[in-house]
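Undergrad: Shown below is the structure under consideration.
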Amino acid sequence: MTESPPPEKKTLLHEFFDFLKTFGVIGLAIAFIIGAAASKLVTALVTDIVNPFVGLFLPAGDLQTMRASVPGASGVVSEFRYGDLVSNIIDFAIIAFIVFLAYKWLSKYRLVEDKTKPPKSLSQ
């Protein structure tokens with residue numbers, strides 16, 4: 001009977017690369033970078049195109065400039081920049097819709113599990 005050789009001891013670097021492969025960290029990092037770039041594009045779209053377009057129909061002329069100034073009891077004026085909030089809500093809605101479309105496309109080709117459908121039972 002021949003003895004099998006003892007398993008090679010992995011270096012810390014090999015263990016690190018195994019960790020990256022096992023948990024898909026590289027793919028996650030790439031997705032994060034692409035997501036950040038896409039977010040910047042959507043923010044630019046909202047800031048440079050959507051806000052001025054919506055501003056055509058608003059008395060302030062732009063969502064970014066819409067604000068309310070309210071004097072406080074001590075005489076200090078507080079400024080509520082609600083136009084910026086509306087702009088960020090539009091930004092979020094566009095990004096959420098893009099993520100939804102990507103999810104639908106990926107689930108169509110079975111690249112991700114569709115969590116909206118009930119699970120198939122084993123008896124079917």
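The values are calculated or read from the model by the stated rules, or taken from the named source; none is laboratory data. Being a predicted model, the structure only gives us computed values, none of them experimental. A quick note on method: Cβ atoms are made from the backbone with ideal geometry, for glycine too, and the neighbour counts reach across all protein chains shown.
Undergrad: I'd like the full set of residues that are among the aliphatic types (A, V, I, L, M), at pLDDT 90 or above and either under 20 Å from Val46 (Cα atoms) or part of a helix (DSSP H, G or I) (or both), limited to region 71-94.
TA: Within region 71-94, Ile89, Ile90, Ala93, Ile94 qualify.
Undergrad: Within region 31-38, is even one residue surrounded by fewer than 10 Cβ atoms within 10 Å (Cβ to Cβ), touching a residue at least 12 places away in the same chain (Cβ under 8 Å) and not in a loop (DSSP other than H, G, I, E, B)?
TA: no
Undergrad: Of Lys40, Lys21, which residue is at negative phi and over 22 Å from the mean Cα position of the chain (by Cα)?
TA: Lys21
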